[in-house]
1. What's the total number of residues in the range 325-356 that are open to solvent by 100 Å² or more (accessible area, probe 1.4 Å) and either small (Gly, Ala, Ser) or farther than 19 Å from PRO379 by Cβ (or both)?
2. With the checklist (1) within 22 Å of TYR311 (Cβ to Cβ); (2) without any contact (Cβ under 8 Å) to a residue 40 or more places away in the chain; (3) buried (at least 18 other Cβ atoms within 10 Å of the Cβ) in hand, flag the one item LEU427 doesn't pass.
3. Would you check if there is a residue in the range 268-285 being assigned to a strand (DSSP E or B) and under 17 Å from ASN416 (Cα atoms)?
4. Need the failing condition index for VAL150 against (1) buried (at least 17 other Cβ atoms within 10 Å of the Cβ); (2) not in a loop (DSSP other than H, G, I, E, B), just the number.
5. Among the numbered criteria (1) touching a helix residue (DSSP H, G or I) at 6+ places or on another chain (Cβ under 6 Å); (2) over 23 Å from LEU291 (Cα atoms), which one does PRO207 miss?
6. Being under 18 Å from GLU412 (Cβ atoms), of a type outside the set (Gly, Ala, Ser) and over 19 Å from the mean Cα position of the chain (by Cα): is that true of ILE316 here?
7. Working only within the range 199-233, note down all residues that are free of Cβ contacts under 8 Å to residues at least 40 places away in the same chain, open to solvent by 30 Å² or more (accessible area, probe 1.4 Å), farther than 24 Å from ALA446 by Cβ and in contact with a strand residue (DSSP E or B) (Cβ under 9 Å, 6 or more places away or on another chain).
8. Considering only residues that are among the hydrophobic types (A, V, I, L, M, F, W, C) and within 23 Å of GLU409 (Cβ to Cβ), which ones fall in the range 338-362?
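The values are calculated or read from the model by the stated rules, or taken from the named source; none is laboratory data. From a predicted model like this one, the values you see are computed outputs, not experimental measurements. Cβ atoms come from the backbone with ideal geometry, glycine included; neighbour counts cover every protein chain shown. With ligands, DNA and RNA removed, areas are computed over all heavy atoms of the protein, side chains included. Shrake-Rupley method; radii C 1.70, N 1.55, O 1.52, S 1.80 Å.
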Amino acid sequence: MEEQKKNPAQGLSESEQVQVRRQKLADLQAAGRDPFTLTKFPQDAYSADLKEEFKDLPNETDSGKKVALAGRLMSKRVMGKASFAHLRDDKGDIQLYVRRDELGDDAYAAFKKLDVGDIIGVKGEVFRTKTGEVSVHATSLTLLSKSLRVLPEKWNGLRDQDMRYRQRYVDTIVNPEVKDTFIKRSQILKALREFLDAKGFLEVDTPVLQTIEIGANSRSFVTHHNALDIPMYLRIETELYLKRLIVGGFDKVYEVGRIFRNEGMDTRHNPEFTSIELYQAYADYKEIMDLVEEMYIYVTKKVCGTLQIQYQGKEINMEGPWTRLTMAEAVKKYSGMDYYAWESDEQARRECEARGVHVEPYAVKGECLEACFDEFVEPNLIQPTFITDYPVAISPLAKRKKDEPDMTERFEFFANCSELGNAFSELNDPIDQRGRFESQAAAKRAQGLHADVDEDYLCALEYGMPPTGGLGFGVDRLVMLLTD
């Protein structure tokens with residue numbers, strides 16, 4: 001059996017400390033002071049706001065301001081008749097000064113029995129200590145919720161990454177910088193909405209549960225609808241329903257949507273994530289490219305206050321104009337391989353094999369180009385870069401280029417060697433779209449997988465969809481970038 005960790009301060013194992021805390025709760029309940037019966041506390045101030053308000057208050061000076069704070073007890077130093085503690089609320093930490101003479105004998109004894117992690121309410125006066133720390137001189141203290149588990153020590157107690165992800169509530173308690181990332185994520189979403197709303201886009205919601213599994217590369221999560229007795233599939237994109245709205249007469253739409261993909265996991269791929277997809281009628285991929293650059297600059301400046309951001313020791317300059325290269329140009333620049341010199345699919349596969357790039361035995365030229373891009377180009381795209389003109393073979397929903405029908409009006413954009421989003425001039429030819437859907441579904445079925453053709457979407461296209469530019473990007477990758 002694994003040995004219990006010892007707490008040097010108390011000499012007790014973690015399980016023994018839990019038992020001590022449970023006994024403290026039982027004693028409180030027996031004395032008629034059960035903290036879990038309390039329903040509210042008149043909180044009227046926050047730590048960070050008080051520190052800002054009284055940053056110029058002279059040392060050893062009372063402010064005269066009475067406040068009521070609430071939060072988690074993060075430290076406690078008992079020194080006879082007077083003690084110091086730290087309270088963590090929604091905006092940060094603040095020091096508490098607690099005196100027995102002012103709190104009273106019983107209340108001070110109750111304070112001494114509190115544990116780190118307990119939720120408390122404090123009333124008192126703001127002052128500045130002789131060392132210059134804005135603090136609260138407590139005049140009353142209330143236990144609002146008893147913590148029955150021991151918080152991990154900040155530096156050594158919560159190192160297991162998997163445990164941090166499974167118990168985010170503990171991670172955010174002991175690591176305030178993690179909480180700051182969540183806050184910044186909310187700010188990023190707010191800024192994205194501000195930008196798109198100001199551009200005249202309408203935010204909408206589309207179905208999460210769908211009755212068909214389309215033939216795209218991503219696998220769906222499958223569930224069952226009991227009332228209808230049919231299988232249903234969690235969406236892998238919001239695209240096709242948003243484009244139905246374009247058919248229906250909405251010129252600019254977007255959705256902040258939760259997406260589900262039943263496939264591999266790593267630091268840049270999660271089975272459920274948040275994407276934003278937007279569609280603009282009467283626009284092409286070049287207009288969407290300009291929109292992306294303007295949007296990312298706006299959000300970065302709004303959230304970070306600068307366009308020169310740091311990511312894992314690298315400086316990334318989000319200022320425009322961003323570099324723009326076709327996929328073929330990028331592959332030639334970084335590998336010397338020339339897509340336009342390949343005369344056949346077989347030659348393309350041979351050249352990939354000669355350069356150590358894995359491709360499937362049936363890969364066509366366009367798929368070989370993508371494999372070379374992944375191998376030679378993407379690791380070099382540190383600064384924001386648009387890669388344009390993708391092969392039809394890997395772009396089933398993008399419009400073909402008029403002067404080069406094997407290529408599409410599509411782009412992806414990259415920063416920090418990672419793809420951030422995907423966009424194109426949308427395919428609005430229902431006959432061409434049917435052919436691509438059927439080929440895609442057939443390829444998936446050949447692998448022994450289920451795949452349907454979205455007949456309703458094809459029906460919508462047959463009513464007529466205007467020329468449209470579309471974009472999809474993962475919010476979480478943008479958050480990773482802007483929060484280091």
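1. Here the count works out to 5.
2. LEU427 satisfies all of (1) within 22 Å of TYR311 (Cβ to Cβ); (2) without any contact (Cβ under 8 Å) to a residue 40 or more places away in the chain; (3) buried (at least 18 other Cβ atoms within 10 Å of the Cβ) except (1).
3. Yes - at least one qualifying residue is present in the range 268-285.
4. (2)
5. Of (1) touching a helix residue (DSSP H, G or I) at 6+ places or on another chain (Cβ under 6 Å); (2) over 23 Å from LEU291 (Cα atoms), only one is false for PRO207: (1).
6. Criteria met by ILE316.
7. Within the range 199-233, LEU209, THR223, HIS224, HIS225, ILE230 qualify.
8. Within the range 338-362, TRP342, ALA348 qualify.
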